[in-house]
Amino acid sequence: MTNEDGRPNVVLVVAHPDHDSATWAIAREIEQGIQADGNTTATTHDLTKSGFDPIFGKQDLAVHRLRGEVPADVRREQELLDSADAIALLFPVHWWSMPALAKGWIDRVFARGWAYETSSESGQSAVRALHFIAVAGLDEGTYDRRRYKEAMMTQMVHGIAGYCGIAESSIKFLYGTETDEPRVHEQLLDQAYRIGADLAQRAQSARDQEAA
């Protein structure tokens with residue numbers, strides 16, 4: 001799973017309609033962090049701009065039942081992800097979970113026969129690494145007291161990535177984006193950059209292990 005020039009590739013999928021939002025500011029810093037080592041590429045995929053339809057329909061159900069062809073729009077998404085050493089899904093937290101666009105993307109793209117229960121010789125998921133990055137408006141204390149962080153980890157890391165048999169998965173939270181304090185926003189952007197650098201390191205390590 002490489003890009004055309006053979007370097008490790010991280011696909012950053014962003015589920016937010018406003019490019020002036022905190023989510024997109026964070027996305028740009030993550031992208032910079034991924035590319036900082038000069039060896040890893042970042043492919044940023046704007047789900048809103050792509051026009052991807054998140055509604056799970058009859059064709060998707062037929063795929064799940066192994067009775068139909070993968071819809072063309074889903075196949076395009078899967079082909080994009082086939083180029084990835086790692087996938088990072090970035091989204092604002094809606095009702096203590098991911099927004100409908102991101103969840104529908106998971107519902108349709110992470111299909112049976114591709115993301116899990118595959119027909120490949122290895123039987124492994126087509127996805128090597130899946131990392132969730134949650135942009136939270138409130139502070140970390142709220143997530144800890146209400147156990148929202150634990151619930152989201154169970155849903156996404158264990159319920160999605162674990163169920164698919166994806167070898168590597170994590171969830172990162174960036175808290176307090178609704179504040180007006182410039183210092184906090186600077187810290188969030190610094191955290192985002194470091195998340196990107198870590199994604200690049202993970203992608204390179206996976207590549208090195210594969211080559212060993």
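The values are calculated or read from the model by the stated rules, or taken from the named source; none is laboratory data. These numbers come from a predicted model, not from an experiment. Methodologically, a virtual Cβ is constructed for each residue, glycine included, from the backbone with ideal geometry; neighbour enumeration extends over all protein chains shown. When the accessible area is computed, the model is the full protein with side chains, heavy atoms only, and any ligands, DNA or RNA have been set aside. Shrake-Rupley method; radii C 1.70, N 1.55, O 1.52, S 1.80 Å.
Of all residues in region 26-71 being surrounded by fewer than 15 Cβ atoms within 10 Å (Cβ to Cβ) and among the basic types (Lys, Arg), which is nearest to residue 176 (Cα to Cα)? Per the criteria, the residue is 49. Right, residue 73: among the acidic types (Asp, Glu), under 26 Å from residue 154 (Cα atoms) and part of a helix (DSSP H, G or I) or not? So residue 73 does not fit the description; no.
When we screen 84, 111, 100, 161 for residues that are of a type in the set (Gly, Ala, Ser) and touching a helix residue (DSSP H, G or I) at 6+ places or on another chain (Cβ under 7 Å), the only hit is 111. If you go through region 78-96 and pick out every residue that is in contact (Cβ under 8 Å) with a residue 24 or more places away in the chain and either part of a strand (DSSP E or B) or touching a strand residue (DSSP E or B) at 6+ places or on another chain (Cβ under 8 Å) (or both), you end up with 13.
Could you pull out every one of the helices (runs of 4 or more DSSP H) wholly within region 107-212 that has 3 or more residues that are touching a residue at least 40 places away in the same chain (Cβ under 8 Å) and either open to solvent by less than 20 Å² (accessible area, probe 1.4 Å) or not hydrophobic (A, V, I, L, M, F, W, C) (or both)? Quick ask: steps written out before the conclusion?
On the way: elements: 140-146, 148-153, 182-211.
Fully inside region 107-212 and qualifying: 182-211.
Across region 4-22, the number of residues qualifying as surrounded by fewer than 23 Cβ atoms within 10 Å (Cβ to Cβ), within 17 Å of residue 87 (Cβ to Cβ) and touching a Phe, Trp or Tyr at 6+ places or on another chain (Cβ under 9 Å) comes to 1.
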